[in-house]
1. What's the ranking of 132-138, 108-114 by average number of surrounding C-beta atoms within 10 Å, highest first?
2. Using the alpha carbons of segment 116-185, what is the convex hull volume per residue in cubic angstrom, as a whole number?
3. Rounded to two decimals, what is Rg over Rh for segment 109-151 when you use alpha-carbon atoms and the Kirkwood radius?
4. How large is the Rg to Rh ratio of segment 67-185 when both quantities use alpha carbon positions and Rh follows Kirkwood?
5. What is the set of long-range amide H partners of Thr49 at a cut-off below 5 Å, with H atoms built 1.01 Å from backbone N?
6. Of Val68, Gly120, Gly56, which is farthest on the positive side of the dipole of segment 47-132, counting Cα position, with +1 on Lys and Arg Cβ, -1 on Asp and Glu Cβ, and the Cα centre as origin?
7. Quantify, in whole percent, the carbon and sulfur part of the accessible surface of segment 77-185 (1.4 Å probe; protein heavy atoms only).
Amino acid sequence: MRKFLVGGLLLLLAAGLHLLAAPAASAAPYCGQVWGSQPRAAGDMSAGTLTNVRAGRHTCYDRLVLDVDAPLTGWSVRYVDVVTQDGSGFPVAVRGGARLEVVARVGVVPTDSWFVGDGGRLIDTSAYRTFRDVVWAGSFEGVTTIGLGVRARLPFRVFVLAGPGDGSRLVVDVGHQWCETGTTC
C-alpha cells in the first residue's frame, strides 16, 4: 500500500512539473508583426487639409486612416497618459486602457457629418477588437490631433500611402496582441 501511495505521489509530482514547464516559444511573431510601442514621427508641416477619418477591422489589427488632400509629410503617433486639445491644452476624454495621440501636421475644419454620438467621437468602435475610442482633439495652427483609445498598450505601426489622386493617407495599425513570448517584436 505504501509503495502504491509513493508511486502515485511521484506520478502527481511529475505531472505538476510538466504543467509548470514553459512551452517552447514560437519562432514567428504574432501575424508576422514586428511592431513596437515607441513613438513614431516624420517631417514637419505639410500642405493640404484633413478630409476624412475612417477605420477598419482586420484579422490581426485594427486600422485608423486619416485622409489628406495633399502629400502628408508631417505626422506623429505616440502613447500618452492624456490626450490634450489642440490650442487650449485641455484634457480630452478618450476611453480605453491606453491612448495614442495621432497628429497630422495639416489643418481642417470638420463637418458635423464626421461625428458619431457625443463627446467628439469620430468612429463607432463597438465592433472593434482593439479600438475603444476615436475622438476629435482639435485643429490649431495647422496641427490636427485625434485621440485613439485602445484596450491596452499594444504594438502599432504607422505609414503614409500616396493617393488617391494628389492626396495621401496616414495609416495607423494597432495589433490585437503582442508577439508570442520569446520573439523579437
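1. Working: 132-138: 21.9, 108-114: 11.7.
Ranking, from highest mean packing down: 132-138, 108-114.
2. Numbers: hull volume 9.8 nm³, N = 70.
So the per-residue hull volume is 140 Å³.
3. Values: Rg = 11.0 Å, Rh = 11.0 Å.
Ratio of gyration radius to Kirkwood radius: 1.00.
4. On the way: Rg = 14.7 Å, Rh = 15.1 Å.
Using only Cα positions, Rg/Rh for segment 67-185 is 0.97.
5. The answer is Asp69, Ala70.
6. Value computed over the given set: Gly56.
7. Values: 2490 of 5040 Å².
Of all accessible area on segment 77-185, carbon and sulfur atoms account for 49 percent.
The values are calculated or read from the model by the stated rules, or taken from the named source; none is laboratory data. None of these values were measured; they are calculated from a predicted model. Heads up, the Cβs are rebuilt from the backbone with ideal geometry, glycines too, and the neighbour counts pull from every protein chain shown. The accessibility values were calculated without ligands, DNA or RNA, using every heavy atom of the protein model including side chains. Shrake-Rupley method; radii C 1.70, N 1.55, O 1.52, S 1.80 Å.
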